[in-house]
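Colleague: Here you go, one structure.
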Amino acid sequence: MNLGMFVNMLLIACGIYMIYWSIQMKKTQEIPEMMVGKKFPLNRAKDPAGFIKASFPVTFSTGAILLAIGMIEALEIFVLYPVLNASLSFIVVIVVIGYGMILLKLQKKYLLGVVDEKKKK
């Protein structure tokens, strides 16, 4: 097993994990620790229901994208097209960075109650 295959399996596992936890979060109406950190006091969250409603589609779709790209790369579908294969890796980086930025904004808005000053004016 080479490093590329290991990374692909990691992408698949992360995608499945994110999809599973997003569905669990929606079903149980409880925020998983992986989305806020172990030390965050969920009992002091401002609007946990709003956070769940806003973060579910983002988390589910990010997991689906990671799963799909991991499967495409593991099955070597675009192995004959190096530009497409490299662009998939670039898409993974963009999706993970975008997910992190969106999740931080949702945490600030729904869990901490911090309102963006630019939007107030």
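The values are calculated or read from the model by the stated rules, or taken from the named source; none is laboratory data. What you are looking at is a predicted structure, and each value in this text was computed from that prediction instead of being measured. Cβ atoms come from the backbone with ideal geometry, glycine included; neighbour counts cover every protein chain shown. With ligands, DNA and RNA removed, areas are computed over all heavy atoms of the protein, side chains included. Shrake-Rupley method; radii C 1.70, N 1.55, O 1.52, S 1.80 Å.
Colleague: Quick one: which helices (runs of 4 or more DSSP H) lie wholly within region 1-96 and hold at least 3 residues that are of a type in the set (Val, Ile, Thr)?
Modeller: Ranges flagged: 3-28, 48-74.
Colleague: Moving to a separate point now. Within region 97-113, which residues are part of a helix (DSSP H, G or I) and open to solvent by less than 40 Å² (accessible area, probe 1.4 Å)?
Modeller: 98, 99, 100, 103, 106, 107, 111
Colleague: Output the number of residues of region 10-20 satisfying the condition of being loosely packed, with under 14 Cβ neighbours inside 10 Å and either more than 19 Å from the chain's Cα centre (by Cα) or in contact (Cβ under 8 Å) with a residue 60 or more places away in the chain (or both).
Modeller: Matching residues across region 10-20 total 1.
Colleague: In region 40-77, which residues are on the phi < 0 side of the Ramachandran plot and charged (D, E, K, R)?
Modeller: Selection gives 44, 46, 47, 53, 73.
Colleague: Right, another one. For region 21-35, which positions are over 13 Å from residue 62 (Cβ atoms) and either open to solvent by 70 Å² or more (accessible area, probe 1.4 Å) or small (Gly, Ala, Ser) (or both)?
Modeller: Correct list: 23, 26, 27, 29, 30, 33.
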